[in-house]
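**Q** Below is one structure. I have some questions about it.
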Amino acid sequence: MKMLSTKATCNSHGQDSSYFLGWEAYEKNPFDEASNPKGIIQMGLAENQLSFDLLESWLTKNPDAASFKRDGQSIFRELALFQDYHGLPAFKKALVEFMAEIRGNKVTFEANNIVLTAGATSANETLMFCLAEAGDAFLLPTPYYPGFDRDLKWRTGVEIVPIHCTSSNGFQVTRPALEQAYKEAEARNLRVKGVLVTNPSNPLGTTMSRHELDLVFDFITSKGIHLISDEIYSGTVFGSPGFVSAMEVLRERSSEEEEVWKRVHIVYSLSKDLGLPGFRVGAIYSNDDMVVAAATKMSSFGLVSSQTQYLLSAMLSDKKFTRNYITENQRRLKQRQKMLVSGLEKAGINCLDSNAGLFCWVDMRHLLESDTFESELELWKKIVYEVGLNISPGSSCHCSEPGWFRLCFANMSESTLKLAIRRLKSFVAELRSAASPNAQSQLNNDNKFCKNIKKNIFTKWVFRLSVQEANRKLQHER
């Protein structure tokens, strides 16, 4: 008799992905400017640490919120006792107003249509439980966030079918790609329940054009399926074109009486826009009362604490603060992105043009020994262990073209980013030198980073399976 469930013993969580394995390498040898200057720099974490001073300044000026007081009187007891899982009305009101402000107040949101969840991870999984049965499918444009393999599939049994996008048009969604994904699902006897897009995109760092959004809306309308728009990076847009929310498109195209009105759902979070992933604040927005009711019941498995809601309701209700924060945070993100892009260009590495997010989608195809995912993983291992940078390979994001990588820029200091760029620049120079007919037989050890940390913590079978699976995908997609 088995002592554990199939769920506990299955290998479908996605933890063996190179995306997570790179984190393991970093955790064994993390960079620290003072204590471990040759350690691995974490460039695989999409975290916004650029505007903490703005948050801390607000807390200093508003001590009552941080100490759980109202008009100078403690409300600790009130917040510590049982709270209804619908959430604090004041926080829900402040949150939907903040969401509207980020979108330039071009669209408004109703507090009664929002469900609070413990982060966007919980929000996406909850929507899967509400909209699909085990064995049903959602279509996702590639490349996509590696964690979706866990968030959408692991506990729900829902399948992901990729909408293959390519670099030929900047990885934009096309109608033929949508139709091909739908046909692939049908060939696998999967019932397609919807499309999930991330806008702005993780890992591309781009916003969807209005043309793309119209294509997606036409598609879901014709098929009679759902659309989930994950908009957790909506406040990080720092350049043109601007951000257009799926809810804005819905209201321009449809009336409340049309069926599609209830089949468009938004996922939001404060993890990226406010840089508060540890607070675990996510949300589902839907016009479908049944989805809202069901998701609210499910949210009891992952609630946002009353203390967190109280603190953030005060912060987000301060319109002068939110207005200044949004503007300044976007300015800082733009400056930091420009620093990474220009630094990589000097190393002969280009990035996809981006206007949002906490990362760049970086083109290293010219550094591959061959046009295969095996070569991509070999390059990735060198960058992790020899260069000392944890970056995310495109294959972990289900990219159909070997040689693309995601590099995060907002989770470190400016000096650390400059060091990361210098390390990568030196590495590229060494590769060019080694490829030269007059190259020295042995590279100068002074130009190598982390020479004592090249520890192979990965078992051979993990890489063998990863490479075989990735190359099978490449052969199928081509």
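The values are calculated or read from the model by the stated rules, or taken from the named source; none is laboratory data. Because the structure is a prediction, the values reported are computed rather than measured. Backbone-built Cβ (ideal geometry, glycine too); neighbour counts: all protein chains shown. Side chains are part of the model used for accessible areas, which takes the heavy atoms of the whole protein and leaves out ligands, DNA and RNA. Shrake-Rupley method; radii C 1.70, N 1.55, O 1.52, S 1.80 Å.
**Q** Give me the pairs: first residue in segment 363-389 and without any contact (Cβ under 8 Å) to a residue 60 or more places away in the chain, second residue assigned to a helix (DSSP H, G or I) and of a type in the set (Asp, Glu), beta-carbon distance under 9 Å, and six or more apart or on different chains, which are they?
**A** Cβ pairs passing all conditions: 364/376; 365/376; 368/376; 368/378; 369/378.
**Q** Every residue in segment 222-232 that is open to solvent by 10 Å² or more (accessible area, probe 1.4 Å) and either assigned to a loop (DSSP other than H, G, I, E, B) or touching a strand residue (DSSP E or B) at 6+ places or on another chain (Cβ under 9 Å) (or both), please. First the steps, then the outcome.
**A** Step one: list which residues in segment 222-232 are open to solvent by 10 Å² or more (accessible area, probe 1.4 Å), which gives 222-224, 226, 232.
Selection gives 223, 224, 226, 232.
**Q** Looking only at residues in segment 65-77 that are more than 33 Å from the chain's Cα centre (by Cα) and assigned to a helix (DSSP H, G or I), which one is farthest from residue 308 (Cα to Cα)?
**A** Selected residue: 77.
**Q** Within segment 199-219, is even one residue in a loop (DSSP other than H, G, I, E, B) and among the charged types (D, E, K, R)?
**A** No, segment 199-219 contains no residue that is in a loop (DSSP other than H, G, I, E, B) and among the charged types (D, E, K, R).
**Q** How many of the residues making up segment 124-172 are open to solvent by less than 20 Å² (accessible area, probe 1.4 Å), under 17 Å from the mean Cα position of the chain (by Cα) and at pLDDT below 95?
**A** Counting residues in segment 124-172 that are open to solvent by less than 20 Å² (accessible area, probe 1.4 Å), under 17 Å from the mean Cα position of the chain (by Cα) and at pLDDT below 95 gives 5.
**Q** Is it the case that residue 42 is under 30 Å from residue 395 (Cβ atoms) and surrounded by 12 or more Cβ atoms within 10 Å (Cβ to Cβ)?
**A** When the stated conditions are applied, residue 42 passes them.
**Q** May I ask you to say which residue of 339, 298, 315 is under 22 Å from residue 68 (Cβ atoms) and in a helix (DSSP H, G or I)?
**A** The unique qualifying residue is 315.
**Q** Here are some conditions: (1) outside any helix (DSSP H, G or I); (2) surrounded by fewer than 18 Cβ atoms within 10 Å (Cβ to Cβ); (3) in contact with a Ser or Thr (Cβ under 9 Å, 6 or more places away or on another chain). Residue 328 meets all but one. Which one does it not meet?
**A** Going through (1) outside any helix (DSSP H, G or I); (2) surrounded by fewer than 18 Cβ atoms within 10 Å (Cβ to Cβ); (3) in contact with a Ser or Thr (Cβ under 9 Å, 6 or more places away or on another chain) one by one, residue 328 breaks only (1).
**Q** Something else now. Does any residue in segment 214-229 that is at positive phi and not assigned by the TED database to the domain that holds residue 252 come within less than 7 Å, Cβ to Cβ, of a residue that is open to solvent by 50 Å² or more (accessible area, probe 1.4 Å) and not in a helix (DSSP H, G or I) six or more places away or on a different chain, and which pairs are these?
**A** none
**Q** What is the residue count in segment 233-268 for residues that are closer than 17 Å to residue 195 by Cβ, open to solvent by less than 20 Å² (accessible area, probe 1.4 Å) and touching an Asp or Glu at 6+ places or on another chain (Cβ under 8 Å)?
**A** Number of matching residues: 6.
**Q** Within segment 19-34, is even one residue among the aromatic types (Phe, Trp, Tyr), more than 30 Å from residue 300 (Cα to Cα) and in a loop (DSSP other than H, G, I, E, B)?
**A** yes
**Q** On to the next question. Checking residue 58 against (1) open to solvent by less than 60 Å² (accessible area, probe 1.4 Å); (2) in contact (Cβ under 8 Å) with a residue 60 or more places away in the chain; (3) within 23 Å of the chain's Cα centre (by Cα): exactly one of these is not met. Which one?
**A** Only one criterion in (1) open to solvent by less than 60 Å² (accessible area, probe 1.4 Å); (2) in contact (Cβ under 8 Å) with a residue 60 or more places away in the chain; (3) within 23 Å of the chain's Cα centre (by Cα) is unmet by residue 58, namely (3).
**Q** Starting from residues that are under 11 Å from residue 416 (Cα atoms) and among the charged types (D, E, K, R), keep the ones in segment 23-39 and report whichever is surrounded by the most Cβ atoms within 10 Å (Cβ to Cβ).
**A** By that ranking, first place goes to 33.
**Q** List, please: which pairs have Cβ atoms under 6 Å, are six or more places apart or on different chains, and start with a residue in segment 316-339 that is without any contact (Cβ under 8 Å) to a residue 60 or more places away in the chain and end with one that is open to solvent by 40 Å² or more (accessible area, probe 1.4 Å) and in a helix (DSSP H, G or I)?
**A** Filtered contacts from segment 316-339: no entries.
**Q** Sticking with this one: Would it be correct to say that residue 292 is out of contact with any Lys or Arg (no Cβ under 9 Å at 6 or more places or on another chain), surrounded by 15 or more Cβ atoms within 10 Å (Cβ to Cβ), among the β-branched types (Val, Ile, Thr) and not assigned by the TED database to the domain that holds residue 257?
**A** The answer is no for residue 292.
**Q** Right, something else. Looking at segment 356-394, which of its residues are open to solvent by less than 10 Å² (accessible area, probe 1.4 Å), assigned to a loop (DSSP other than H, G, I, E, B) and over 14 Å from residue 41 (Cα atoms)?
**A** Hits for segment 356-394 are 356, 357, 358, 364.
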